[in-house]
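The next block holds one structure in the form of structure tokens; read it before the comments.
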Amino acid sequence: MTESTYRIQGATGEWEVVIGLEVHAQVTSNAKLFSGAATAFGAEPNTQVSLVDAAMPGMLPVPNRECIRQAVRTGMAIDAQINKWSRFDRKNYFYADLPQGYQISQLYHPIVGEGQIAITLDEKNPETSTKVIGVERIHVEQDAGKLMHDQHPTSSYVDLNRSGVALMEIVSKPDMRSPAEAGAYLSKLRTILRYVGSCDGNMDQGSMRADVNVSVRKPGEPFGTRTETKNVNSVRFVMAVVEHEASRQVDVLEAGGKVVQETRLYDPDRNETRSMRSKEDAHDYRYFPDPDLLPLELDDAFLEDCRQSLPELPDAKRARYEGDLGLSAYNAATLTADADTARWFEALLAEAARIQKKGESDVAKASANWLLSELYGALNRLGKSLEESPVSAGEGAELLALVADGTISGTIAKQVFEIMLETGDKPGRIVEEKGLKQTSDTGAIEAAVAKVLADNADKVEQYRGGKEALFGFFVGQTMKAMQGKANPQVVNELVKKALG
């Protein structure tokens with residue numbers, strides 16, 4: 001485990017930052033936590049609101065089994081304690097977009113207890129840059145609606161589509177000590193949620209957002225007073241909040257002031273936090289058990305079903321890629337950082353192994369290198385995501401097989417790939433129609449080598465005089481003369497033979 005050396009240099013010495021994150025993740029489900037209303041993003045305002053969500057008199061909440069299941073699966077994915085008995089509480093406060101006047105949440109008896117998440121700060125050196133961040137709890141609660149202030153010059157409108165949507169609040173321990181650690185934790189948590197399928201992690205759509213708790217102290221001293229910056233919706237902004245808020249608190253303390261426990265908002269345009277309201281404590285919300293809901297009691301069969309439904313998780317997959325497939329730590333980390341990338345890679349790997357009639361470990365390095373360099377490079381250039389790739393995993397595997405069996409060279413493969421991107425044609429067809437097959441005809445290659453050596457007699461003399469670096473020049477000129485279609489291995493052998 002690595003210890004952070006991040007410090008803020010103040011006039012009175014160094015300060016250490018202490019960070020905890022409360023992440024609200026929207027549960028992946030077709031219906032809300034206590035009603036059958038839909039949860040799809042982007043619907044017209046107030047078109048996904050049941051009588052329960054609107055808090056009509058006499059309406060009773062009924063827990064959505066799938067939402068509970070997803071929370072349990074998430075807890076299992078971070079090795080957390082799963083509480084077989086949990087309870088819903090009412091958190092009382094007034095907002096215009098909260099029709100009930102209270103939020104149904106879990107304060108005293110959450111469904112998930114303590115767990116942990118391992119983060120890596122340097123993917124090229126994971127052994128020396130890994131740290132474990134504790135998770136205090138995960139509880140399930142309902143979301144509020146949304147106030148819309150830009151629809152009318154003098155009034156605010158209320159959209160209740162999100163009212164009652166199921167959230168998991170994932171509360172970390174105050175174990176992070178730098179903006180980088182906070183960013184790595186949030187990224188890793190999002191990766192895990194996407195693997196599990198319990199949240200889509202789309203922060204730009206509001207389905208995952210973080211409340212950032214920050215305090216500062218002199219190293220070794222007790223925790224200072226913390227502030228909470230609400231609803232931060234990107235990894236980059238979370239890191240910016242930590243950096244700005246920590247520096248602000250240091251300035252306050254060094255000027256002789258006191259940090260006030262309060263809720264703040266982040267303004268990304270000005271890159272600053274601003275005071276919103278004093279920070280409430282639990283007693284301010286007058287929590288009490290929700291009288292309309294029985295406690296949740298989970299049986300062993302339900303828990304076992306949740307456990308069996310979990311996929312291979314990112315850390316286990318990364319270890320397998322390194323150990324079984326022989327990939328580098330960096331490539332394994334990159335391929336497993338996103339669930340969609342890992343799935344695409346495994347489809348490519350399986351198809352490449354099938355076509356080449358080899359084991360997956362035999363084709364893994366070539367497959368990983370092609371995906372991370374050639375395909376990603378092209379997609380970045382085209383402004384497309386992996387899901388929008390013009391080339392499928394099967395077509396990529398076919399291209400790799402043509403290189404592996406010597407049909408085309410690596411250089412020609414790049415040309416074929418560009419044509420695939422432009423036309424959508426299969427690689428085999430392109431090679432046939434364009435006459436791009438690699439030649440191993442020793443007669444033709446010998447003739448090309450002889451001409452290259454004759455045209456560069458001075459360099460031949462320098463080579464034979466000890467300037468061995470010129471060997472690559474002769475190979476390159478021969479490949480150029482053969483329009484890149486010569487088998488590089490045969491070229492190397494024949495150039496070496498001709499040079500004596």
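The values are calculated or read from the model by the stated rules, or taken from the named source; none is laboratory data. Please read all numbers here as calculations on a predicted model, not as lab measurements. Glycine also receives a Cβ, built like all others from the backbone with ideal geometry; neighbour counts cover every protein chain displayed. Note: areas computed on protein heavy atoms with side chains; ligands, DNA, RNA excluded. Shrake-Rupley method; radii C 1.70, N 1.55, O 1.52, S 1.80 Å.
Miscellaneous remarks
- Checked against (1) in contact (Cβ under 8 Å) with a residue 12 or more places away in the chain; (2) open to solvent by 50 Å² or more (accessible area, probe 1.4 Å), HIS149 meets all criteria but (1).
- Selection status of VAL252, without any contact (Cβ under 8 Å) to a residue 40 or more places away in the chain, open to solvent by 20 Å² or more (accessible area, probe 1.4 Å), of a type in the set (A, V, I, L, M) and not in a helix (DSSP H, G or I): no
- Output for the stretch 337-377, where each listed residue is within 25 Å of the chain's Cα centre (by Cα) and part of a loop (DSSP other than H, G, I, E, B): ALA337, ASP338
- Residues in the stretch 431-448 that are open to solvent by less than 30 Å² (accessible area, probe 1.4 Å) and at pLDDT 85 or above: VAL431, ALA448.
- For the stretch 262-312, a tally of residues being of a type in the set (D, E, K, R) and assigned to a helix (DSSP H, G or I) returns 5.
- Meets criteria (under 24 Å from ASP143 (Cα atoms), of a type outside the set (D, E, K, R), part of a strand (DSSP E or B) and open to solvent by 60 Å² or more (accessible area, probe 1.4 Å)) for ASN231: yes
- Given (1) surrounded by fewer than 21 Cβ atoms within 10 Å (Cβ to Cβ); (2) touching a helix residue (DSSP H, G or I) at 6+ places or on another chain (Cβ under 8 Å); (3) at pLDDT below 95; (4) among the β-branched types (Val, Ile, Thr), number of the condition THR263 does not satisfy: (2)
- Of the candidates SER373, SER385, SER367, the single residue that is assigned by TED's automatic domain parsing to the domain that holds GLU322, without any contact (Cβ under 8 Å) to a residue 60 or more places away in the chain and surrounded by 20 or more Cβ atoms within 10 Å (Cβ to Cβ) is SER367.
- Residues of the stretch 402-430 satisfying the condition of being open to solvent by 60 Å² or more (accessible area, probe 1.4 Å), of a type in the set (Asp, Glu) and more than 31 Å from the chain's Cα centre (by Cα): ASP405
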